[in-house]
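Colleague: This is the structure I want to talk about, given as structure tokens.
The values are calculated or read from the model by the stated rules, or taken from the named source; none is laboratory data. The shown structure was predicted, so the numbers you read here are calculated from the model rather than taken from an experiment. Neighbour counts are summed over all protein chains in view; Cβ atoms, including those assigned to glycine, are modelled from backbone coordinates with ideal geometry. With ligands, DNA and RNA removed, areas are computed over all heavy atoms of the protein, side chains included. Shrake-Rupley method; radii C 1.70, N 1.55, O 1.52, S 1.80 Å.
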Amino acid sequence: MRSISILGATGSIGASTLDLIRRDRGRWQVTALTANGNIAELARLAREFSAQVAVTADEARLPELREALAGSGIEAAAGVDALVEAAARPADLTIAAIVGCAGLAPTMAAIERGGTIGLANKEALVSAGDVMLGAVARSGATLLPVDSEHNAIFQCLAGNDSAHVRMITLTASGGPFRDWPQERLVTATPAQAVRHPNWNMGAKISVDSATMFNKGLELIEAWHLFQVGLDRLRILVHPQSIVHSMVEYRDGSTLAQLGPSDMRVPLASVLAWPERMDTPCDPLDLAAIGELSFRMPDEARFPATRLARQAAEAGGAMPAVLNAANEVAVAAFLAGQIGFTRIAAHVEDVLSRYAPPAPDCLADVVAVDAEARHRALALMEPA
Ligand code: NDP
């Protein structure tokens, strides 16, 4: 039996994780499940998996959660402190799958107790960067990447010395607007942006995928996780999303990880690590797929990867500013307040006006994130 906590249990990554656990029920004991507003689903999952505790981030919803769990013996809790407390409870594995920087404090709590963390919540690592890696080093925590690209790289690096790496290539589907000309991008709607051609994901990451901010955040994530330097990280558009990433070594060998576009594959590798486990995913049928193609990203139409690289080069607090500005811009786009191409323009604007000192601790990161959000919102208001 292994114990597991899932931060962001009601989301897309949470559902994929629980689907795998459901198929191997006897092996897992669920400690904590967390959510934000989807109380009914949180309570349903907590009952199904006999969780020890269910937590909503929204304090006002505690009575509703208590009522939904009445008679189950499952603890109900609410608020950010309760999320952190739940994440700090001992568990053999914690899946960090809250969307956005809201996941930072609970992810840090799981890291600080020295646990093994399956990290999906890339925004937390992008924002906290060295502060998070410092906590990992101090506590002896293990970070296992869930993101399909980083999970692929992790697998391709296994058993090799990263000193021999010549180049790491992150692949990108290019999103739903990959082939759209600039004048059409201006008209892109939220409904079109969340309809990803290959992956079924939450709304925020779907928009990030359409703008290519997802790949920009992933570039920064890879920079922190694999420590090979920005000059040895590149992005290639690969529309089929079959090759999830590649590592080229100094002898000219390139190792790639291939698989179906289904997050249960990287999640299974994290759940079973360092072993392997079965998944219900169809095996890859390369003859049916026929062709795999690759091309350079177009940073004129999709400036997000350029902005992310610049933020990483500037270092310090700039990735946290980029992430916060993007979260605000994506929320405004999804609410119909700004157009699609304004997302990157807005992030660039915020980056050019706010350059705080590098954060030293979690409180500093949280303060930079809050101030960057405040400025991003203020800049959106009509003059
Ligand atoms: P979803 O939007 O589907 O789910 C987000 C989860 O976070 C939900 O459980 C949601 O609760 C919870 N949540 C939202 N806001 C808050 C908050 N303020 N405080 C606490 N919890 C909150 O997202 P995804 O599952 O798609 O993505 C989760 C993370 O994984 C993201 O960082 C994403 O970039 C990353 N990721 C996702 C992939 C995917 O395929 N989906 C692939 C690779 C990485 P509720 O449902 O109650 O709102």
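Colleague: Tell me, what % of the accessible area of segment 176-277 is carbon and sulfur with a 1.4 angstrom probe? Before the final figure, lay out each step's value.
Modeller: Working: 2100 of 4150 Å².
Looking at segment 176-277 in its full context, I get 51 percent from C and S.
Colleague: Treat the chain as a sphere of radius equal to its Kirkwood radius over Cα pairs and apply Stokes-Einstein at 4 °C in a medium of 1.567 mPa s; give the translational diffusion coefficient in µm²/s, rounded to a whole number. Provide the component values of the computation, followed by the final result.
Modeller: Working: Rh = 21.2 Å.
Answer from the Stokes-Einstein relation: 61 µm²/s.
Colleague: Let me know the Kirkwood hydrodynamic radius for segment 148-304, please, with Cα pairs as the basis and the value in Å to one decimal. Mind dumping the intermediate values first?
Modeller: On the way: mean 1/r = 0.0607 Å⁻¹.
One over the average 1/r among Cα pairs gives 16.5 Å for segment 148-304.
Colleague: Once every DSSP H run of n ≥ 4 in the chain is given -39500 (n - 2.57) and the sum is divided by its residues, what mean residue ellipticity at 222 nm do you get, rounded to the nearest 500 deg cm²/dmol? Could the numbers behind the result be given before it?
Modeller: Numbers: 17 runs with 177 residues, N = 383.
Mean residue ellipticity, 222 nm, calculated: -13500 deg cm²/dmol.
Colleague: Moving on. Going through segment 265-374, which trypsin sites (Lys or Arg not before Pro) have at most 12 other Cβ atoms within 10 Å and a DSSP loop state? Mind dumping the intermediate values first?
Modeller: Values: sites: Arg276, Arg295, Arg301, Arg306, Arg309, Arg342, Arg353, Arg373; in loops: Arg276, Arg301.
The qualifying sites are Arg276.
Colleague: Taking a 1.4 Å probe, which of Ser50, Ser72 shows the most accessible area, and what order do the others take after it?
Modeller: Values: Ser50 80, Ser72 40 Å².
If we order Ser50, Ser72 from most to least accessible, we get Ser50, Ser72.
Colleague: Taking amide hydrogens as modeled 1.01 Å from N in the peptide plane, which residues meet the under 5 Å criterion relative to Ala57, leaving out close sequence neighbours?
Modeller: Those lying under 5 Å, H to H, from Ala57 are Ala35, Asn36, Gly79.
Colleague: With a 1.4 Å probe and every protein chain left in place, work out the accessible area per residue of the chain in Å², rounded to a whole number. Before the final figure, lay out the partial values.
Modeller: Values: 15790 Å² over 383 residues.
That works out to 41 Å² for each residue.
Colleague: Considering only Ile338, Ala370, Ala358, whose Cα is most displaced toward the positive end of the charge dipole of segment 337-383, charges sitting on Cβ of Lys, Arg (+1) and Asp, Glu (-1)?
Modeller: Working it through, the farthest residue towards the positive pole turns out to be Ile338.
Colleague: Of Thr142, Thr56, Thr171, which has the largest mean-square fluctuation in a 10 Å C-alpha GNM of the chain?
Modeller: Comparing Thr142, Thr56, Thr171 in the GNM, the peak value goes to Thr142.
Colleague: Right, something else. Taking the Cα centre of the chain as origin, work out the dipole magnitude from +1 charges on Lys and Arg Cβ and -1 charges on Asp and Glu Cβ, in debye rounded to 20. The partial results should precede the final answer.
Modeller: Working: 32 positive and 43 negative charges, 69 e Å.
Once rounded to the nearest 20, the dipole reads 340 debye.
Colleague: Under unit Cβ charges (Lys, Arg +1; Asp, Glu -1), what dipole magnitude, rounded to 20 debye, does segment 172-236 have relative to its Cα centre? Intermediate results must be reported in sequence, preceding the final value.
Modeller: Numbers: 7 positive and 6 negative charges, 20 e Å.
The calculation lands at about 100 debye.
Colleague: Now for a separate question. Just to confirm the filter: which trypsin sites (Lys or Arg not before Pro) across segment 191-248 are DSSP coil and have at most 13 other Cβ within 10 angstrom of their Cβ?
Modeller: Values: sites: Arg195, Lys204, Lys215, Arg232, Arg234; in loops: Arg195.
Within segment 191-248, the qualifying trypsin sites (Lys or Arg not before Pro) (loop, at most 13 other Cβ atoms within 10 Å) are Arg195.
Colleague: Taking the convex hull of the alpha carbon atoms in segment 307-358, what volume per residue do you get, in Å³?
Modeller: Working: hull volume 3.1 nm³, N = 52.
It comes to 59 Å³ per residue, whole-number rounded.
Colleague: In the neighborhood of Val194, defined by Cβ-to-Cβ distances under 12 Å, what is the net charge if each Lys or Arg adds +1 and each Asp or Glu adds -1?
Modeller: Net local charge, Val194 excluded: +1.
Colleague: Taking every pair of distinct Cα atoms and averaging 1/r, then inverting, what Kirkwood hydrodynamic radius in Å comes out for segment 173-260? Write down the numbers at each step before the final one.
Modeller: Working: mean 1/r = 0.0690 Å⁻¹.
Computed over Cα pairs of segment 173-260, the Kirkwood hydrodynamic radius comes out at 14.5 Å.
Colleague: So if I restrict to the alpha-carbon atoms in segment 244-298, what is the Rg, and what is Dmax, the biggest pairwise distance, in Å?
Modeller: Rg then Dmax for segment 244-298, in Å: 14.0, 39.
Colleague: Determine, from the Cβ-Cβ distance of Ser3 and Asp130 and an R0 of 25 Å, the FRET efficiency 1/(1 + (r/R0)^6), rounded to the nearest 0.05. Intermediate values should be presented prior to the final figure.
Modeller: Details: r = 30 Å, r/R0 = 1.18.
Rounded to the nearest 0.05, the efficiency is 0.25.
Colleague: Just Ala367, Ala193, Ala325 to compare: in a GNM of the chain, with alpha carbon springs under 10 Å, which one fluctuates most?
Modeller: Maximum among the listed residues: Ala367.
Colleague: Based on Cα coordinates alone, diagonalise the gyration tensor for segment 1-133, multiply each eigenvalue by 5, take square roots, and list the semi-axes in whole Å, largest first. Don't skip to the answer; put the middle values down first.
Modeller: Values: eigenvalues 93, 58, 31 Å².
Semi-axes, largest first: 22, 17, 12 Å.
Colleague: What dipole magnitude, in Debye to the nearest 20, does segment 118-188 give about its Cα centre under +1 on Lys/Arg Cβ and -1 on Asp/Glu Cβ? Don't skip to the end; give the middle numbers.
Modeller: On the way: 5 positive and 7 negative charges, 10 e Å.
For this selection, approximately 40 debye.
Colleague: Convert 25 °C to kelvin, take the viscosity as 0.890 mPa s, use the Kirkwood radius over C-alpha pairs of segment 224-354 as Rh, and evaluate the Stokes-Einstein diffusion coefficient in µm²/s, rounded to a whole number. Walk me through the numbers on the way to the answer.
Modeller: Numbers: Rh = 17.9 Å.
In µm²/s, the coefficient rounds to 137.
Colleague: Something else about it: Figure the gain on full extension for Ala191 and Arg27 (residue separation times 0.36 nm, minus the Cα-Cα span) and round it to one decimal in nm. Could the numbers behind the result be given before it?
Modeller: Details: separation 164, 0.36 × 164 = 59.04 nm, distance 3.91 nm.
Extra length from Ala191 to Arg27 when fully extended: 55.1 nm.
Colleague: For the chain, modelled as a GNM with alpha-carbon contacts under 10 angstrom, which of Ala320, Ala222, Ala137 fluctuates the most?
Modeller: Ala137
Colleague: Answer with one residue from Thr107, Leu18, Ala78: the one whose Cα lies farthest towards the positive end of the charge dipole of segment 1-131, charges on Cβ with Lys, Arg +1 and Asp, Glu -1.
Modeller: Most positive-ward Cα: Leu18.
Colleague: Residues with amide H under 5 Å of Gln29's amide H, sequence separation 5 or more or different chain, H placed in the peptide plane at 1.01 Å from N; which?
Modeller: Those lying under 5 Å, H to H, from Gln29 are Arg2, Ser3, Ile4.
Colleague: Packing-wise, with mean Cβ within 10 Å as the measure, how do 259-267, 244-252 rank, highest first? Let's see the in-between values first.
Modeller: Values: 259-267: 21.7, 244-252: 17.9.
Averaged packing, sorted descending, gives the order 259-267, 244-252.
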